[in-house]
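First comes the structure, then the notes that go with it.
The values are calculated or read from the model by the stated rules, or taken from the named source; none is laboratory data. For clarity, every value in this text was computed on a predicted model and none was experimentally measured. Positions of Cβ are backbone-derived with ideal geometry, glycine not excepted, and every protein chain shown enters the neighbour counts. Surface areas here come from the heavy atoms of the whole protein model, side chains and all, with no ligands, DNA or RNA. Shrake-Rupley method; radii C 1.70, N 1.55, O 1.52, S 1.80 Å.
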Amino acid sequence: MKILVCIKRVPDMESKFKVDADGTWYEKTDLAWRMNEYDEYAVEQAVQLKEQEEDSDLTVLCIGGDQVKETMKKALAMGCDRGAHIADDNSSSKEPFEIAGIIAEYAKDKSFDLVFTGMQSQDRGSAQVGILVAELLDIPGIATIVDFVYSGGEVKVKRELEGGVKACVTVKAPLVVTCQLGLNTPRYPTLPNIMKAKKKELLSLPVEDLLKVDSRQETAKIYFPEKKGGGLILEGDAPELVDKLIQILKEKTAVLA
Amino acid sequence: MKIILVAEYRDGKLLASFNELMDFADKMGGENVMFLVGGDNDLPKYDGKLYLADAGTFGEYSPDVHKQLILDIVEKEQADMVAFCHSSYGWDLAPRVAFALKAAQVSEIVEIVDGVPVVPVCNAKLRRDVQIKTKRSVVTLQAGAFGLPEEPAGTPTIEKVEGDLAGRVQFTGYEQPESGGVDLGKARIVVSAGRGIGKPENVEMIANLAQALGGEYGASRPVVDSEWVEHNRQVGTTGQTVAPKLYVACGISGAIQHLAGMKKSEFIVAVNTDKDAPIGEAADVLVVADLKEFVPLLTEKIQSL
Ligand SMILES: Cc1cc2nc3c(=O)[nH]c(=O)nc-3n(C[C@H](O)[C@H](O)[C@H](O)COP(=O)(O)OP(=O)(O)OC[C@H]3O[C@@H](n4cnc5c(N)ncnc54)[C@H](O)[C@@H]3O)c2cc1C
């Protein structure tokens, strides 16, 4: 069985962001980076499937500059067999259709049985790429799964809907699924697996060879939202903050009465 | 400009979000029609043409089929835009429609400024103005970003959609969330633990503060996904919606899906080490502090009052 999992490297959302010189994306220096949270679930599910199915081969794909190889190594240490790095220093300016186009172009003649992606990225958050890849490859795609069972070519998934309701869906492979938080418990790579990952294949391919579609949208401008909430910000020593907050609660609410 | 508004229907009921689509259409101007895979039993109060496909025939979840139905209507109406909610239904279906129409899809629009769609970036810490380069476009609207101030009161003109279509996936039924246990919706005070608590042992610290205040404790999703707290205490779109007299968010960043479950609280206090955390926008008071230090001190002080 051939499996593909697509991941993205994103900044830690607690970072202090700045707008870049063009004013079309965030400044990429001075940020802490990690694997997109949703993709961690995708990698874990792909690895579990690989472990379940004999003779399977799991490729992790990531688009970006050389730095993303670090994130790919984590996926390799979690259990992916090989890495396909699509070298692109301008990946952050590509819109979801271009990203999906690159992935589909890579995947089209490799007959993957299963493709896993995160349901969205934490930075751009468009929630489109996985489903677009499915459409481009002309195979079924199912968004936002929280449960996945594969058996003999048939896949049973649960999609998470609002209010905690789930929709149960059955479909035949090949297909694409996009993974939602809580799908599984992503493993921590162990030290021996981190060492082993260093020897795994990690090929870089130039994005120019794979980008065959045109962009359909652009970012005109990126900026900080106007602060609307006139909320009070309290800073200082903890004991002092406690007193201040209690004072406020006494004045503004009836909860301490 | 002609827009197709895609309303939603689940488990035999129309979802109230059709009203957000109508508000969006008003803000865009031009003409609009609505599309729904639903039933006669529960129709949107929409003054306009409603293309109604029977959910019994076409299925509540059948993406290939719903896509084709929408494409047929786009063709018939010569529509310029298709609008979905940014919901589990929308993010499954919208990209398919965009792909087939060779259209740009702009996801999670929070507002339209001078005709330009604005979307959030990085957990709403930043915003982006999007320029669409295609003739047609597909959009999804952030939940709660649009909405008519009053309940709409119209009656649609129904045009039934017929057809014989088959999809590749088989929907086999819904699974309801487990019920029972605590009812956060009834609590006067809710103190919630977010990922910022760091480890499961710290749930107790949050529960203690809740108890000192005479309330209940809740949690954000990652805390529930990690199984540190049971699901019926989760606050947000995929958990409970609460509106207590006081909501204290401890180590919670304030993602839109969490805010949706608590922003109607009467008074909101956030405790967070990140002064720029988006929860600050919803909070009446943002205490910039390490919760591990602040929460036990606050609990102690309240107990001694
Ligand atoms: C379809 C969908 C549905 C979802 N439904 C829900 C839902 O129902 N409910 C929900 O909550 N989420 C939901 N989410 C997830 C949501 O998008 C966020 O990922 C989640 O709310 C983040 O939880 P958090 O704020 O606890 O964690 P994080 O975003 O990781 O934030 C942790 C916060 O803790 C702060 N912090 C860290 N250490 C400390 C410290 N020592 N003291 C004080 N502060 C500290 C950080 O500054 C940060 O702001 C959903 C997502 C999707 C896509």
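Just so you know, in region B:174-199 the residues that are more than 27 Å from residue A:147 (Cα to Cα) and more than 16 Å from the ligand (Cβ to nearest atom) include one that is modelled with the lowest pLDDT, and it is B:186. Being of a type outside the set (Asp, Glu) and open to solvent by 10 Å² or more (accessible area, probe 1.4 Å) is the requirement here; does residue B:36 meet it? It is false that residue B:36 is of a type outside the set (Asp, Glu) and open to solvent by 10 Å² or more (accessible area, probe 1.4 Å).
Which residue pairs have Cβ atoms under 8 Å apart, sit 6 or more places apart or on different chains, and have a first residue in region A:43-57 that is in contact (Cβ under 8 Å) with a residue 60 or more places away in the chain and assigned to a helix (DSSP H, G or I) and a second that is among the aromatic types (Phe, Trp, Tyr) and surrounded by fewer than 23 Cβ atoms within 10 Å (Cβ to Cβ)? As it stands, the answer is A:45/A:148; A:49/A:148; A:49/A:150; A:52/A:150, since those pairs meet every condition given. Checked against the criterion of being on the phi > 0 side of the Ramachandran plot, in contact (Cβ under 8 Å) with a residue 24 or more places away in the chain and touching a strand residue (DSSP E or B) at 6+ places or on another chain (Cβ under 6 Å), the candidates B:59, B:12, B:29 yield just one match: B:59. Here the condition is being surrounded by 24 or more Cβ atoms within 10 Å (Cβ to Cβ) and away from the ligand (no atom under 16 Å from the Cβ); of B:83, B:55, B:100, it holds for B:83 alone.
Filtered by the rule that a residue be more than 9 Å from chain B (Cβ to nearest Cβ), among the hydroxyl-bearing types (Ser, Thr, Tyr) and out of contact with any strand residue (DSSP E or B) (no Cβ under 6 Å at 6 or more places or on another chain), region A:165-211 gives A:188, A:190.
Being touching a strand residue (DSSP E or B) at 6+ places or on another chain (Cβ under 8 Å), open to solvent by 10 Å² or more (accessible area, probe 1.4 Å) and acidic (Asp, Glu) narrows it down to one residue among B:77, B:150; which is it? Step through it out loud before you land on a result.
On the way: B:150 fails: touching a strand residue (DSSP E or B) at 6+ places or on another chain (Cβ under 8 Å).
After ruling out the rest, the residue left standing is B:77.
Given the criteria within 16 Å of the ligand (Cβ to nearest atom) and under 17 Å from the mean Cα position of the chain (by Cα), does residue A:165 qualify? So residue A:165 does not fit the description; no. For region B:238-255: of the residues being among the β-branched types (Val, Ile, Thr), closer than 19 Å to residue B:270 by Cα and within 15 Å of the chain's Cα centre (by Cα), which is nearest to the ligand (Cβ to nearest atom)? My answer is B:241. Any idea which of (1) within 12 Å of another protein chain (Cβ to nearest Cβ); (2) β-branched (Val, Ile, Thr); (3) part of a strand (DSSP E or B) is the one residue B:158 doesn't satisfy? Failing condition for residue B:158: (1).
Is there a residue in region B:266-282 that is within 9 Å of another protein chain (Cβ to nearest Cβ), on the phi > 0 side of the Ramachandran plot, in contact with a strand residue (DSSP E or B) (Cβ under 9 Å, 6 or more places away or on another chain) and not in a strand (DSSP E or B)? So far as region B:266-282 goes, no, none of its residues is within 9 Å of another protein chain (Cβ to nearest Cβ), on the phi > 0 side of the Ramachandran plot, in contact with a strand residue (DSSP E or B) (Cβ under 9 Å, 6 or more places away or on another chain) and not in a strand (DSSP E or B). Residues that are of a type outside the set (A, V, I, L, M) and either in a strand (DSSP E or B) or more than 30 Å from residue B:134 (Cα to Cα) (or both) occur in region A:84-96; there is at least one.
Filtered by the rule that a residue be open to solvent by 80 Å² or more (accessible area, probe 1.4 Å), part of a loop (DSSP other than H, G, I, E, B) and facing chain B (nearest Cβ under 7 Å), region A:228-246 gives A:228, A:235.
Note on region B:167-254: enclosed strands (runs of 3 or more DSSP E) holding 2 or more residues that are away from chain A (no Cβ under 13 Å) are B:189-193, B:216-219.
Just for helices (runs of 4 or more DSSP H) wholly inside region B:15-106: which have at least 1 residues that are more than 14 Å from every other protein chain (Cβ to nearest Cβ) and in contact with a helix residue (DSSP H, G or I) (Cβ under 9 Å, 6 or more places away or on another chain)? Break it down into steps so the answer makes sense when it comes.
Working: elements: B:18-28, B:55-58, B:63-77, B:90-101.
Qualifying helices (runs of 4 or more DSSP H): B:55-58, B:63-77.
Residues that are under 24 Å from residue B:122 (Cα atoms), open to solvent by less than 60 Å² (accessible area, probe 1.4 Å), within 16 Å of the ligand (Cβ to nearest atom) and among the small types (Gly, Ala, Ser) are absent from region A:95-103 altogether. Of A:171, A:213, A:207, A:177, all but one fail to be touching a residue at least 24 places away in the same chain (Cβ under 8 Å), open to solvent by less than 70 Å² (accessible area, probe 1.4 Å), more than 16 Å from the ligand (Cβ to nearest atom) and farther than 24 Å from residue A:65 by Cα; the exception is A:171. Among the criteria (1) more than 15 Å from residue A:237 (Cβ to Cβ); (2) within 9 Å of another protein chain (Cβ to nearest Cβ); (3) surrounded by 24 or more Cβ atoms within 10 Å (Cβ to Cβ), the one residue B:261 does not fulfil is (2).
Is there a residue being in contact with a strand residue (DSSP E or B) (Cβ under 9 Å, 6 or more places away or on another chain), more than 12 Å from the ligand (Cβ to nearest atom) and free of Cβ contacts under 8 Å to residues at least 60 places away in the same chain anywhere in region B:284-294?
yes
Out of A:118, A:130, report the one residue that is more than 11 Å from every other protein chain (Cβ to nearest Cβ), within 15 Å of the ligand (Cβ to nearest atom) and touching a residue at least 12 places away in the same chain (Cβ under 8 Å). Explain how you work it out, then say what you get.
Values: A:130 fails: more than 11 Å from every other protein chain (Cβ to nearest Cβ).
Only one candidate qualifies: A:118.
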